[in-house]
Structure formats: C-alpha cells, structure tokens
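The values are calculated or read from the model by the stated rules, or taken from the named source; none is laboratory data. These numbers were taken from a predicted model, which means no experiment stands behind them. Reconstructed Cβ throughout: ideal geometry from the backbone, glycine too, with neighbour counts over all protein chains shown. The area values use the complete protein model at the heavy-atom level, side chains included, leaving out ligands, DNA and RNA. Shrake-Rupley method; radii C 1.70, N 1.55, O 1.52, S 1.80 Å.
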Amino acid sequence: MHIILKNHVASMAAEYEYSGIAESKLFEFFCNYCVFSRHFLGRFDPQSVTTLEDDASIDGIAIIVDGDLIATVEEADAVFATHKTNLLVDIVITQVKSGEQFKKEEIANFKLGLDEFFSLDPSLPMGDFNKSQIAIMQIIFSNLKKVRNRQPNAYIYYCTSGTYKAEKEIRGVFEAIKKSVHATDYFHSTTVTPVGRTELLKYFAELSEKNEAKLQLIDYFGMPKMPGIPQSYVGIVNAKEFVSQLISDEDGNLKQSVFEENVRSFLGLDNEVNSEIQRTLESAEKRKLFSVLNNGITIVAPSLTLAANTKVIDLTNYQIINGCQTSSTLHANIVNLTEDVNVVIKFIESTTDDSAVDIISATNSQSDISKEAFFGLKNKAKHVRRFFDAQNGMVSPENFIHFERRLSEFRGAQIQATRIFDVREVARCYAAMFLNQPHNSARYVHTIFAASGDSLFKEDDHEGYYYAACLALYKYQTLINGRKNNAHNYLKMRWHIIQLFKWFVHEKMDVPLAGANKATAYATRLVEVLNSEDKLYVAVFAKCQEAIDKIGMPTDDALKRAKFTADLTAAAAQLV
C-alpha cells in the first residue's frame, strides 16, 4: 500500500482507537469512512457500516434518509412515520480491495453481488448486516410516496489502493454495473464510481481541510460593531458568482458541508416556497428583481476579511446558517442565473461560540423546524460544554472527551472521533444513565428527543451528570474497540451497561435527582472511578456484564423495550 495512504489508514485507526484488526479490514473501514462521509455529514463509526462477513462481494452499505444514517428497521419505520414528505434517500454501497489493481474478474464479482443484493431475496449467503439493510430498503420501497422523486438514489463505489486508468475493458465492466442497477427500476439516479489512491487521498483531505472562499461583492455597507461580532456587512452579490464560489465543489455539486449549521436541510424543488423561487428564476423579467423578492442569505464565519478597494471578501470556515432553501434552489437553477440575477447576503464575523449560536437560533426560528435541532442552542447545553472543557483542564489527555455542541466544530482539530460527543450522543448517554431509558437510547436517535425532550438539558440539571454519562460510554467503548474483557460481545448492550455502571460504583440503587445538591458528589465519584489510574472502571464494567448474563442476552427487539430495562434493573438490585 502507498506510504501516504497507509499513514492515513493508521491515522483513522488511531482516531477510532481500533486495535487488533487486520490491515485489509482497516482499509475497508478507511474507504467506507471516506466514501460515506461524502453523503452523510454526521459522525459515525466506520465499523458500523462495514460488513463483517464475506457478504456477496459487498464491503459497506450506508442508507441515508433525510440526512440521517439509518441503521435499523426500527429507525426506518420511525423516519417514515413522521409527517415529513419529499425525503431524500441515498443508498451507498462499496466494494473494497486493498490491492493496487482494478481487476476485471473482481469487479465482475462485485456486479454479481449487487445483482444478488438488489434482488431483495438473495440466494447466496448473506450476513446479518446485509439482511438488515435489505429489510430497510423494503421499508423504503413501501413508502415511496414520501420519497423525493418517488425513488431513492444509488451510489456505487469500487475502491482499491491503486490507480484507476480507465482501460476500455475495465470501464466496460463498470458500465455494466450501472446498467444492471439501473435496470432494476428501483432508483431515480444511479452513479458508479471507481475510486483509486488519488481519489481516496482527495476524499480524506476534504474531511479535514478548512472551508475557504473569496467572493466578489457588487456593493456593501458595514454595520456597527457589536458584542461578540467584530464586523458584519450586508452585501449584494451576483447569484451565479455566489453559487460557483461558495456552494459548489470542484465537480459542480452542491457543497453540503457549508450547510452543517443550518438546522433544516433542503426541502426539494417540490416544496411550495422553493418552487416559487424556481418560477421566479425561470422568468426573464422576475429574476431581475430576485434580490428584492427574496429574503436573502446569512453567512457566519469566525474569520472574514473585506478589501474595501476591490470589494472582495475572504471567508474562512464559513457556514450558511440561513438561506439553505434559497441557496440550494439557486444551485439547481444555475442555467437560469444570468448576469442580472443578484442576491442579498448578510456576512457576520463571530469569534465567540455563544454569539454564533444566538444568531443561528434567531435566524432559524421557523415553527416547522424540529425541536431537536435547537437542543444544542439551549443555555444549559452551553454550560455543559464549559463543564467538559473545565474537566479536560484537570485531567490527563488520555481522559479528554469533548462536547461538540455545534455540528463539525471539531473538524480538523486532530481529536480522536471516539472522544467527541455531539448533541445527540450526549442526550443518549444522559437518557441511558440518568433517565434510566437505555432502551430508548438503543433505538432511533430521534426517539430520545420525542420521549424525553422535556427532561434534557434542563436549567437545574447538574452538568456533571452529562459529563459522567459520556465519559462512561467512552471508557466502555475503548474496551469494545480494544476487544478487552469480552466487551465487544456486549456492543449492542452499551447503553444498558452505562445505566448499570452508576449503581455498581455507588453500591446502591438510589440516585440523586439531576437538580439536587447531592448530584455533585454523586457525579464526582463516577468520574473519579472512570479516570482512576488503576482503571477501577474495568472491574465495574465486568459486574455490569455479569448482571446482563444473569438474565440473558436479549433479542434485538427486546433490547429496545422498557420491559428488558425493568428486568435488568431488578437483576442489578440483587447484585448491588
């Protein structure tokens, strides 16, 4: 394997704290990490989307619905049970070969594997992972009236560590794959991409590089300096210039990463507002008035520089926090963006985290945006973040964990992914450990906010409870990834494990309420055990596993039911 690629694989393995895993398998993780990150902006463990068996020449599958990575049938049912329609659905599949050649026979085998998989009733052996993905696809096909274009999109990647030279024979096999997948009539669009070393290096670099751009303004005016906002401007920009310079990647595709701070994703051109924007752009007369007919776009960046003489603004790590619908519709209608189509943009430099989230909250207060999207903006969430930072200032680096209150704010920060907890993971940890709802944490992530939203990030909650819950999951995850103390066999039980942990540490079932004065001492003891130099937590986690053994490993369905949690709680009470 090429030395740079090999180093990147090692870097990813270190980031996710993998150990005792063959290099060929790590390369599969790496390729899936690089490829799936192009379609899914959230955090995920590459191991969770990689097949564990020889699954019909398929090495990775990611099914993304409305921006969420769907891992189980229950999650698929939940996402289609909402009132939402026009959901964008992408099905991404990989085959990975660690060798440096694109071999016709191996690519042909991949085609056979895809044919089997897309039959939805394969005759060849399939592992549990593939079976679950087929079941999810069947749910999607049963809900096509809620899917954008009434069909999902298929993205197929074939990855090697070599160089793709597009020889006629090899190109022909890839074309045969595309025709075969398209012939199923399952998909609105089918894309087949050969990925070699050059592409992998590019994909990996894109995951950590800064988001930078220059934009020519037609005119602007500055606003007065405000607390936490050193400078801000309102400018008018040529719409085509905006699309090409700020929201398109080098291939002309919409750059999804610049919308990570926007709490609502693109609703599609069928949406009433977006279809009206499109009609305006299609009218030769109306599009000249676009800058006064449209509400405009808001961009926040921690650093921006405006050259007054040239009217060129430089943006670093910018985010479009308001105007996702306008931006995406402009991108979809680039052919209609003539020189007389302009758009108004508000540019805000925000150097403080608090100012940024206040702006995001104020500019995205539409009633149809999910409540969940704003949890990270709560005042309590800010305090929890500061508590994490304060704790990191008192412990050694091997015990650091981080609360990523805003999506991808730690991108490029050289922090191991396993140490970063976003709003969803923090909520799941807290609900599992202190709300005693590990069964909900094990389910579709939105279940936590639906079932326990009023109990999350309350003003009187002790921040230490959130920190201790996340630290417990991190420590147990290190045992799982290191395949130590048999922890990897309890992977699906991790939420129940951290629920049990607090009782075995304190050797009693009584737990102070999150707002009680005794919560401080209770959380402190948990943290002391988790950060102890002699790793006292290892023995405690072993007791947690014993409690599970006492009542037996549950089925996947029972795992997500309150009854199993109740049975496990009763078993723990006898062991404490």
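Output yes when any residue across segment 526-535 is in a helix (DSSP H, G or I) and either over 32 Å from the mean Cα position of the chain (by Cα) or modelled with pLDDT under 95 (or both), and no when none is.
As a first pass, look at segment 526-535 and keep what is in a helix (DSSP H, G or I): 526-530.
Within this subset, residues satisfying the condition of being either over 32 Å from the mean Cα position of the chain (by Cα) or modelled with pLDDT under 95 (or both) are none.
Within segment 526-535, none of the residues are in a helix (DSSP H, G or I) and either over 32 Å from the mean Cα position of the chain (by Cα) or modelled with pLDDT under 95 (or both).
Which of the following residues is part of a strand (DSSP E or B), closer than 19 Å to Tyr220 by Cα, among the hydrophobic types (A, V, I, L, M, F, W, C) and within 30 Å of the chain's Cα centre (by Cα): Ile321, Ile299? Give the steps one after another, and end with the answer.
Values: Ile321 fails: closer than 19 Å to Tyr220 by Cα.
Being part of a strand (DSSP E or B), closer than 19 Å to Tyr220 by Cα, among the hydrophobic types (A, V, I, L, M, F, W, C) and within 30 Å of the chain's Cα centre (by Cα) holds for just one of Ile321, Ile299, which is Ile299.
Residue by residue through segment 4-56, note down the ones that are of a type in the set (Gly, Ala, Ser) and not in a helix (DSSP H, G or I). Spell out how you get there, then give the answer.
Pass one, segment 4-56, residues of a type in the set (Gly, Ala, Ser): 10-11, 13-14, 19-20, 22, 24, 37, 42, 48, 56.
Across segment 4-56, the qualifying residues are Ser19, Gly20, Ala22, Ser37, Gly42, Ala56.
For segment 555-576, what are the residues that are at pLDDT 95 or above and either part of a loop (DSSP other than H, G, I, E, B) or of a type in the set (Ser, Thr, Tyr) (or both)?
Scanning segment 555-576 gives Thr565, Thr569.
Scan segment 45-67 residue by residue and report those that are in contact with a Phe, Trp or Tyr (Cβ under 9 Å, 6 or more places away or on another chain), open to solvent by less than 40 Å² (accessible area, probe 1.4 Å) and modelled with pLDDT of 90 or more.
Pro46, Val49, Thr50, Thr51, Ile58, Gly60, Ile61, Ala62, Ile64, Val65
From the residues in segment 390-407 that are under 15 Å from the mean Cα position of the chain (by Cα) and outside any loop (DSSP other than H, G, I, E, B), which one is surrounded by the most Cβ atoms within 10 Å (Cβ to Cβ)? Let's see the steps before the verdict.
Initial filter on segment 390-407 (under 15 Å from the mean Cα position of the chain (by Cα)): 403-407.
Narrowing the set further to residues that are outside any loop (DSSP other than H, G, I, E, B) leaves 403-404.
Numbers: Phe403: 25, Glu404: 23.
Among those that are under 15 Å from the mean Cα position of the chain (by Cα) and outside any loop (DSSP other than H, G, I, E, B), it is Phe403.
Looking only at residues that are in contact with a strand residue (DSSP E or B) (Cβ under 9 Å, 6 or more places away or on another chain) and surrounded by fewer than 21 Cβ atoms within 10 Å (Cβ to Cβ) in segment 91-112, which one is nearest to Ser189 (Cα to Cα)? Talk me through it step by step, then tell me what you get.
Taking segment 91-112 as the starting set, the residues that turn out to be in contact with a strand residue (DSSP E or B) (Cβ under 9 Å, 6 or more places away or on another chain) are 91-103, 106-107, 109-110.
From the residues that got through so far, the ones that are surrounded by fewer than 21 Cβ atoms within 10 Å (Cβ to Cβ) too are 98-101, 103, 106, 109.
Working: Ser98: 28, Gly99: 29, Glu100: 29, Gln101: 28, Lys103: 26, Glu106: 24, Asn109: 22 Å.
Across segment 91-112, the extreme among qualifying residues is Asn109.
Just to check your reading of the model, which residue among Gly235, Gly196, Gly228, Gly252 is in contact (Cβ under 8 Å) with a residue 40 or more places away in the chain and farther than 22 Å from Thr316 by Cβ?
Values: Gly235 fails: farther than 22 Å from Thr316 by Cβ; Gly228 fails: farther than 22 Å from Thr316 by Cβ; Gly252 fails: in contact (Cβ under 8 Å) with a residue 40 or more places away in the chain.
Residue meeting the stated conditions: Gly196.
In this structure, is Ala451 out of contact with any Asp or Glu (no Cβ under 8 Å at 6 or more places or on another chain), among the aliphatic types (A, V, I, L, M) and under 22 Å from Ile401 (Cα atoms)?
Working: out of contact with any Asp or Glu (no Cβ under 8 Å at 6 or more places or on another chain): yes; among the aliphatic types (A, V, I, L, M): yes; under 22 Å from Ile401 (Cα atoms): no.
Criteria not met by Ala451.
Kindly indicate which of Val243, Val258 is under 18 Å from Ser37 (Cα atoms), in a helix (DSSP H, G or I) and open to solvent by less than 20 Å² (accessible area, probe 1.4 Å). Before the answer, list the steps.
Values: Val243 fails: under 18 Å from Ser37 (Cα atoms).
After applying the criteria, what remains is Val258.
Filter segment 192-223 down to the residues that are over 23 Å from Leu304 (Cα atoms), open to solvent by 40 Å² or more (accessible area, probe 1.4 Å) and more than 22 Å from the chain's Cα centre (by Cα) and list them by number.
Hits for segment 192-223 are Arg197, Thr198.
Taking segment 135-169 only, how many residues are open to solvent by less than 10 Å² (accessible area, probe 1.4 Å) and assigned to a helix (DSSP H, G or I)? Explain how you work it out, then say what you get.
At the first step, the residues of segment 135-169 found to be open to solvent by less than 10 Å² (accessible area, probe 1.4 Å) are 136-137, 140, 147, 152, 154, 156, 158-162.
From the residues that got through so far, the ones that are assigned to a helix (DSSP H, G or I) too are 136-137, 140.
Residues meeting the conditions: 3.
Is it the case, given these coordinates, that Asp510 is open to solvent by 30 Å² or more (accessible area, probe 1.4 Å) and either modelled with pLDDT under 90 or in contact with a Leu (Cβ under 9 Å, 6 or more places away or on another chain) (or both)? I'd like the intermediate steps shown before the answer.
Working: open to solvent by 30 Å² or more (accessible area, probe 1.4 Å): yes; either modelled with pLDDT under 90 or in contact with a Leu (Cβ under 9 Å, 6 or more places away or on another chain) (or both): no.
Taking the combined requirement at face value, the residue does not satisfy it.
Kindly evaluate Met126 against the criterion of being in contact with a helix residue (DSSP H, G or I) (Cβ under 9 Å, 6 or more places away or on another chain), touching a residue at least 40 places away in the same chain (Cβ under 8 Å) and part of a loop (DSSP other than H, G, I, E, B).
On the way: in contact with a helix residue (DSSP H, G or I) (Cβ under 9 Å, 6 or more places away or on another chain): yes; touching a residue at least 40 places away in the same chain (Cβ under 8 Å): yes; part of a loop (DSSP other than H, G, I, E, B): yes.
Here the answer is yes, as Met126 does meet what is asked.
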